[in-house]
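The values are calculated or read from the model by the stated rules, or taken from the named source; none is laboratory data. The shown structure was predicted, so the numbers you read here are calculated from the model rather than taken from an experiment. Cβ coordinates were reconstructed from backbone atoms using ideal geometry, including for glycine residues, and neighbour counts include every protein chain displayed. What goes into the accessible areas is simple: the full protein's heavy atoms, side chains included, and nothing from ligands, DNA or RNA. Shrake-Rupley method; radii C 1.70, N 1.55, O 1.52, S 1.80 Å.
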Amino acid sequence: MSGFGIDLGGTKIEGAVVDPARPDCAVCRLRVPTGSARGYSHVISQVARLVGMLERESGVKRPASIGIGTPGVIDPVSGVLKNSNSTCLNGRRVREDLAAALGTEVRLANDANCFALAEARFGAGRHRRVVIGLILGTGCGGGVVVDGRVLDGLHGIAGEWGHNPMRGERTPCYCGRRGCVETVISGPALEGFYRELTGRRLRLPEIAGRAAAGDGAARATLRRLRAKFGEAIAAVINIVDPDAVVIGGGVGNLELLYGGETREAVLRHVFNTELRTEFLRPTLGDSAGVFGAAMLTVSSSS
Ligand SMILES: [Zn+2]
């Protein structure tokens, strides 16, 4: 039985039909716009439309259970979605409403957990026991996979390193706290740091390019990323002690995160004299989200 995986993002909804015998490549992949500005019911109907399109395109009928990855998490007690940056979904019974719209059971998981699961099972982290998958981009999310299973946690927040506090940082975060990792090393945070130094509004890849050309403020921005990433991820390593950390998201594209100086910046805060944890680039690209979502159903039925 093929699995259906949906990645419900802020701007687009991606879907894939995945054959469990070859879970790292899709039978069929399609996308539609999320259209969050048109409200909650519209988003739900877009998911239903996409699943209908996947059925027609692949010739595979929808299975009894569909896996959906989305920012945020279902609160285990109240059953409503929380912590999503697609704010029209927060406070809603997203799983039940999707199940009703699709006529199937729905397994819902945090999108960073789907990313971590896919990369740990079939991507950069395969053959490692304990893998942390990070989304380091517009926001900072993460998931923990142990022996091929995602750790959800009592509150559904396992792996959420992005809202740990950073020493000496006070910038207000959308979550209501101050000095969260996300306010320091997310893409927008780093771009904001460069803007404060120079008055120039540049995207992170351009800043990295200018650093290579000797721009002092750009170099200071990357030094800040390296030092703060080291401090932030060491806090995670001290608790979980993973074999590998896979770094997705736009900031994760920067070469410097995989170099020796960054390892030294991490080791400075790790409770050990050496650091053997691997820092890896994701290998599934954009597909990790939909594959991870499909595996929410495939792995439990196989
Ligand atoms: Zn926060």
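Given a 1.4 Å probe and heavy atoms of the protein chains only, how would you sort 61, 228, largest accessible area at the top?
The ranking, largest first, comes out as 61, 228.
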Open item on the list: Charges at C-beta only: +1 for Lys and Arg, -1 for Asp and Glu. How large is the resulting dipole of the chain about its Cα centre, in Debye rounded to 20?
Closed with: 560 debye
TODO: Name the residue farthest towards the positive end of the dipole of the chain from the options 35, 3, 154, assuming +1 on Cβ of Lys and Arg, -1 on Cβ of Asp and Glu, about the Cα centre.
DONE: 35
Open item on the list: So, taking all protein chains as they sit and a 1.4 Å probe, how much accessible area belongs to residue 296, in Å² rounded to tens?
Closed with: 40 Å²
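Provide, as a two-decimal number, the C-alpha radius of gyration of the range 61-178 over 2.2 N^0.38 Å, N being how many residues it has.
Dividing the Cα Rg of the range 61-178 by 2.2 N^0.38 Å gives 1.14.
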Task: Axial C-alpha extent at least 30 Å, average Kyte-Doolittle at least 0.5 - helices from the chain (DSSP) - done: 216-240
Open item on the list: Charges on Cβ only, +1 for Lys and Arg, -1 for Asp and Glu, centred on the Cα centroid of the range 234-278; of 245, 260, 235, which one is farthest towards the dipole's positive end?
Closed with: 235
TODO: First measure r as the distance between the Cβ atoms of residue 177 and residue 273, then evaluate 1/(1 + (r/R0)^6) with R0 = 30 Å and state the FRET efficiency to the nearest 0.05.
DONE: 0.35
Task: Ranked by how many other beta carbons lie within 10 Å on average, peptides 65-78, 31-44 from highest - done: 65-78, 31-44
Task: P(r) of the range 1-140 over all Cα-Cα pairs, binned every 5 Å from zero, in whole percent - done: 2, 10, 19, 23, 20, 15, 9, 2, 0
Task: Paramagnetic reach from residue 213 (point 7 Å along Cα→Cβ, amide N under 20 Å) across the range 255-276 - done: 255-256
Open item on the list: For the ranges 176-184, 104-112, what's the packing order if you count other beta-carbon atoms within 10 Å of each residue, average per peptide, and put the highest first?
Closed with: 104-112, 176-184
Open item on the list: Taking the Cα centroid of the range 119-149 and of the range 29-102, what is the distance between the two, rounded to the nearest whole Å?
Closed with: 23 Å
Task: Computed magnitude of the charge dipole of the range 169-232 (debye, nearest 20; Cβ of K, R +1, Cβ of D, E -1) - done: 80 debye
Open item on the list: Tell me the mean residue ellipticity at 222 nm calculated for the chain from its helices only (DSSP H runs of n ≥ 4, each -39500 (n - 2.57), averaged over every residue, nearest 500).
Closed with: -11500 deg cm²/dmol
Open item on the list: What distance in nm lies between label points placed 7 Å from Cα along the C-beta direction at residue 93 and residue 1?
Closed with: 2.4 nm
- [ ] Give the dimensionless ratio obtained when the Cα radius of gyration of the range 151-302 is divided by 2.2 N^0.38 Å.
- [x] 1.13
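Relative to 2.2 N^0.38 Å, what does the C-alpha radius of gyration of the chain come to as a ratio? Two decimals please.
1.01
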